[in-house]
Amino acid sequence: MSGSSGADARPLSPHLQVWRPHVTMAASITHRITGVALYFGTFLIAGWIIALATGADCYGAIEGILFSWVGSVILYLWAVAVLFHLVNGIRHLLWDGPNIGFDPGKASAVSVFNYAFAILGAAAIWFAAAGL
Amino acid sequence: MSNSQFLTPAKAARGLGSAKSGTHHHIGQRVSAIALIFLVPWFLFSVINAVQGGEDAAIEWIAQPLPAILLILTAGATVYHMRLGMQVVIEDYIAKTGMRSALLILNSFACIALFAAIALSVLKLWIGAGA
């Protein structure tokens, strides 16, 4: 750390606008956005367990929020974010470890699959949970 | 003749910050990711089941040894993973040294406090059930 109050004179990576938009790029950005969203989502989910340990009044209040209209929307989006970050994260591990899936056609196809998996998977979980 | 043509790339990179801890960060992020591939699906499945039966069923679920242990492991891997991830996001977007340092410290404090709160809650429910 330089200790200066300004920005370090580090090299910058090329800005987003110089690239032609493509689905692999979108998946990469979505991976980061869902990661940040899940950071805050984890605090909310942890609230459920903490409320459970706090007592009946607290849990009742949390349960009220969970099963409300707003709570359901947030939970659905949370499920989408979890599934996307999970499946796209597995793709990152396959890229990093065995170097699988780098050719452009495959990378694009997997990106599309990841979006579909997240949205449809969350919907499937929703209907499965409603059927319980 | 200018001096710069005799400078090596190493000279250009020196003084711009440490490059010694990147590998540890990279591996830590990926090892916690591998743990979460197993823990997150378990967590989703279990929590959906636990929520359905109301408060008593949820407490009964956490009071068993295996769910209690797996919950604490899930919390540990999640908090470690999200702390590393947020660290990179802060380092990428916050250029000012003071604000960056403050957010990095806040990130560490928030994540560790969250883990402590979850672990204590699970232990309280587990011990409270008389297991």
How many of the residues making up the stretch A:89-113 are within 14 Å of chain B (Cβ to nearest Cβ) and aromatic (Phe, Trp, Tyr)?
1
Apart from one, (1) surrounded by 17 or more Cβ atoms within 10 Å (Cβ to Cβ); (2) in contact (Cβ under 8 Å) with a residue 24 or more places away in the chain; (3) more than 25 Å from residue B:28 (Cα to Cα) all hold for residue A:59; the odd one out is (2)
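This table checks each residue for (1) at pLDDT 90 or above; (2) touching a helix residue (DSSP H, G or I) at 6+ places or on another chain (Cβ under 9 Å).
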{"site": "A:16", "(1), (2)": "no, yes"}
{"site": "A:20", "(1), (2)": "no, no"}
{"site": "A:32", "(1), (2)": "yes, yes"}
{"site": "A:41", "(1), (2)": "yes, yes"}
{"site": "A:63", "(1), (2)": "no, yes"}
{"site": "A:71", "(1), (2)": "no, yes"}
{"site": "A:82", "(1), (2)": "yes, yes"}
{"site": "A:96", "(1), (2)": "no, yes"}
Scope the stretch B:87-119; condition facing chain A (nearest Cβ under 8 Å) and modelled with pLDDT under 95; matching residues
B:89, B:95, B:96, B:97, B:98, B:101
Before we move on, is residue A:13 loosely packed, with under 14 Cβ neighbours inside 10 Å and either more than 12 Å from chain B (Cβ to nearest Cβ) or touching a Leu at 6+ places or on another chain (Cβ under 9 Å) (or both)?
no
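The values are calculated or read from the model by the stated rules, or taken from the named source; none is laboratory data. Treat the numbers as computed from the prediction; the structure is a model and nothing was measured. Virtual Cβ from ideal backbone geometry, glycine too; neighbours counted across all protein chains shown.
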